[in-house]
Amino acid sequence: MDERTRLEKLRSAQDMYARYLEAERSVLLGQSYSIGDRTLTRANLSDIAAQREYWAAQVTALAENKTGVRFCASYRVTFNLYTTCFKFILYVFLFFVMFIQIN
């Protein structure tokens, strides 16, 4: 994608993120309210939060000039999980090796 298209998409994603952030604030301030005998209930907060997170990821990816946000984010989470587990196992192993050498 060329730079101009990326910047247009970035501006659009930033705008959508700002809109969902504002919607989330509105819902947090009052999920529903009544005027006389009429009641207005706002949108579901979890749906708004999920969309806000999606647009935040889009903004981040476009700002970093990356594509495939869902795949990249999923890959990073999986990779970080495996890396963390590997480090933990390594530390436990080293602890036992040191413990055996001391005794």
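Just so it is clear, none of the values below were taken in a lab; they were calculated from the coordinates. From a predicted model like this one, the values you see are computed outputs, not experimental measurements. Using ideal geometry, Cβ is built from the backbone for each residue, glycine included, and neighbour counts are taken over all protein chains shown.
Could you give the length gained by full extension between residue 100 and residue 64, i.e. 0.36 nm per residue of separation minus their alpha carbon distance, to one decimal place? Kindly include the intermediate steps, with their values, before the conclusion.
On the way: separation 36, 0.36 × 36 = 12.96 nm, distance 4.75 nm.
The residue 100-residue 64 span can extend by a further 8.2 nm.
Give the calculated FRET efficiency between residue 4 and residue 28 to the nearest 0.05, with a Förster radius of 30 Å applied to their Cβ-Cβ distance.
On the way: r = 36 Å, r/R0 = 1.22.
FRET efficiency, residue 4 to residue 28: 0.25.
In nanometres, what is the gap between the two model label sites at residue 41 and residue 87, each 7 Å from Cα along Cα-to-Cβ?
According to this spin-label approximation, the distance is 4.5 nm.
Answer with one residue from 5, 26, 60: the one whose Cα lies farthest towards the positive end of the charge dipole of region 1-65, charges on Cβ with Lys, Arg +1 and Asp, Glu -1.
26
Which of the peptides 14-25, 87-98 is most tightly packed, and how do the rest follow, judged by the mean count of other Cβ atoms within 10 Å per residue? Each step should come with its number before you reach the end.
Details: 14-25: 15.2, 87-98: 10.0.
Those peptides, ordered most packed to least, come out 14-25, 87-98.
For region 12-19, take each phi angle, set θ = phi - 60°, evaluate the Karplus expression 6.51 cos²θ - 1.76 cosθ + 1.60, and give the result in whole Hz per residue in order, putting x for glycine and proline.
Per-residue couplings from phi come out as 5, 5, 5, 5, 5, 4, 4, 5 Hz.
Taking the Cα centre as origin and putting +1 on Lys and Arg beta-carbons and -1 on Asp and Glu beta-carbons, what dipole magnitude results for region 1-65, to the nearest 20 debye? Spell out each step's value before the answer.
On the way: 9 positive and 10 negative charges, 30 e Å.
I would put it at about 140 debye.
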